[in-house]
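The values are calculated or read from the model by the stated rules, or taken from the named source; none is laboratory data. Bear in mind the structure is a predicted one, so any value in this text is a computation, not a measurement. Reconstructed Cβ throughout: ideal geometry from the backbone, glycine too, with neighbour counts over all protein chains shown. The protein model used for the area step is the full one, side chains on, heavy atoms only, and it has no ligands, DNA or RNA in it. Shrake-Rupley method; radii C 1.70, N 1.55, O 1.52, S 1.80 Å.
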Amino acid sequence: MKNKRLIIIIVVFFLLLNTSYYWEGKLGLFAFPFFLLLAMAYLWLSIALLRQIYLTIKEKFKQRERFIVIGLLTTVLLLTFYKPSGLVDFDKLEGDDLLVAERTGSANCLTTLKLKDDFSFRERIGCFGVTEIEGTFRVIKDTIYFSNIQPGRYEDNFYKFAVIRPSSFDNPKILGELIRYKDITDTIGHELWITKNELQRIDTTAEQPTLH
């Protein structure tokens, strides 16, 4: 097949884009330039589509193989335009969000924290790259404790616990404030704005992760 290399590139591009949920957080500062490369690849594939259409017309529709390539290119480009983050929402597949809190800091760096119904959490920091921190949480009375921090290099400097306070903003989208603390000597904390809070759904009879 003459266009075998092009087909391989199309498939690899599609797979990379649709599995970004699992690998983008591991790239750190390299995530931003890598997504620029994907954007350039999208543009290159668009040009390749136009070229294939031109060659098909020039050859008077005699090469049936080009119809396959054109169909594949058109499908991938349209799906990417419609769903740039991928066709499957892997975040939802990993469980329901019980609490979502976020905040935009300096340089438009966005921090998003999600607590799942399986007592796992994921923090995503988008700031000239993407960093993700995962772990488990445990709720005791009005305090949320974090443990089992992954990857390990964040274990010693991630927040130990957090408390929820009423919102100080007159904004119906902000349901409260999540104040996270490094340890019991931390008197300042780090504030995130809660946009979803369904912690009341936690099954108190279920076994929560142990703290260490």
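Taking all protein chains as shown and a probe of 1.4 angstrom, Trp23 keeps an accessible surface of around 50 Å².
Applying 1/(1 + (r/R0)^6) with r as the Cβ-Cβ distance of Lys83 and Ala107 and R0 = 35 angstrom yields a FRET efficiency of 0.80.
Between region 27-93 and region 96-154, the alpha-carbon centres lie 33 Å apart. Screening the chain for whole DSSP H helices of 15 Å or more along their axis (Cα) with average Kyte-Doolittle hydropathy at least 1.0 returns 4-18, 31-58, 64-82. Measuring nothing but protein heavy atoms, the accessible surface of region 1-153 at 1.4 Å probe radius is 65 percent carbon and sulfur.
Dipole magnitude for the chain: computed about the Cα centre from +1 point charges on Lys and Arg Cβ and -1 point charges on Asp and Glu Cβ, it is near 1600 debye.
Think of the chain as having a plus end and a minus end, set by charges on the Cβ of Lys, Arg, Asp and Glu; of Phe121, Thr56, Asn171, Thr56 sits farthest toward the positive end of this dipole.
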